[in-house]
Amino acid sequence: MRLAGRVALVTGAARGQGRTHAVRLAEEGADIIALDLAESDLAETAAKVRALGRRIITRGADVRDEARLTEAVSEAYAELGRLDVAVANAGVISIAPSLAPGADESWRLGIDVNLTGAWHTCRAALPHMIEGGRGGSIIITGSTQAFKATRALAAYAASKAGLLGLMRTLAVEFAEHMIRVNSVHPTTVWTPMLAEVGPDGMTEEEIRAYYRPVNALPVPWVEPVDVSNAVVFLASDEARYITGAALPVDAGALLVGGRPGS
């Protein structure tokens, strides 16, 4: 119950890492504001949070639409009365060689959702944290791709690298309000999004073998809860003096080669 009595906002909360973040934060006592473009999938997230005895408000919102996002956060803030944690998690990934047809569309989508969407999330949350006068914690979902290169991931890598600059700037700007801003940088995470972009036609054993070279530890990927545990730590008072930090949850991926074809 490290977050008892607090309220946490999570974007991209309908499935994958976002759903797991919402559930883990609720397990630690937080009430949840869960936002996602896939509004219909938020029902399962809400059911899991309510089963823990916590309150949850769900809203359909596209992080690219700042006006709608800000409205949704403000409505939930008015109902729950506070906002202590914001997890800017919504993200997309697409594989597109830089000169391939459709690469420009992939670029715009990646930058708009991953980078500008996180910017919008922070701008929607920060005024309420300041008004509350209790400080706060913002956690941005980055990636190991912020630090290394992989073919055909220009938009994804650029957006995740951009989040580092955003995180560090906000950490400095809002330190006077005791608002901490950090980022988590996972290696490959087994989520529906990874399944959608992974190699076609492979057995589970073959998929594991494909991703195994990514990490130093002998695992092909980490589970969403491994990232969520880092999010909970950064949201809690255990990390009360940690700000401006980029925390890898990478099974040693930044120490070794990379995925096949990199």
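Residue 221: among the aromatic types (Phe, Trp, Tyr), in contact (Cβ under 8 Å) with a residue 12 or more places away in the chain and open to solvent by 30 Å² or more (accessible area, probe 1.4 Å), yes or no? Criteria not met by residue 221. Residues in region 139-169 that are among the β-branched types (Val, Ile, Thr) and either touching a Lys or Arg at 6+ places or on another chain (Cβ under 8 Å) or part of a helix (DSSP H, G or I) (or both): 3 in all.
Annotation note: Cβ proximity below 8 Å between a residue of region 41-59 that is farther than 19 Å from residue 5 by Cβ and a residue that is open to solvent by 60 Å² or more (accessible area, probe 1.4 Å) and of a type in the set (A, V, I, L, M, F, W, C) (sequence gap 6+ or interchain) occurs for 58/43. If you check 181, 92, 172 for being surrounded by 22 or more Cβ atoms within 10 Å (Cβ to Cβ) and either among the hydrophobic types (A, V, I, L, M, F, W, C) or closer than 30 Å to residue 238 by Cβ (or both), only one passes: 181. Looking across region 188-218, the residues that are within 19 Å of residue 157 (Cα to Cα), assigned to a loop (DSSP other than H, G, I, E, B) and either at pLDDT below 85 or within 20 Å of the chain's Cα centre (by Cα) (or both) come down to 188, 190, 191, 198.
The values are calculated or read from the model by the stated rules, or taken from the named source; none is laboratory data. Model, not experiment: these values are computed from the prediction. When we count neighbours, we look across all protein chains shown, and the Cβ atoms used for this are built from the backbone with ideal geometry, even at glycine. Surface areas here come from the heavy atoms of the whole protein model, side chains and all, with no ligands, DNA or RNA. Shrake-Rupley method; radii C 1.70, N 1.55, O 1.52, S 1.80 Å.
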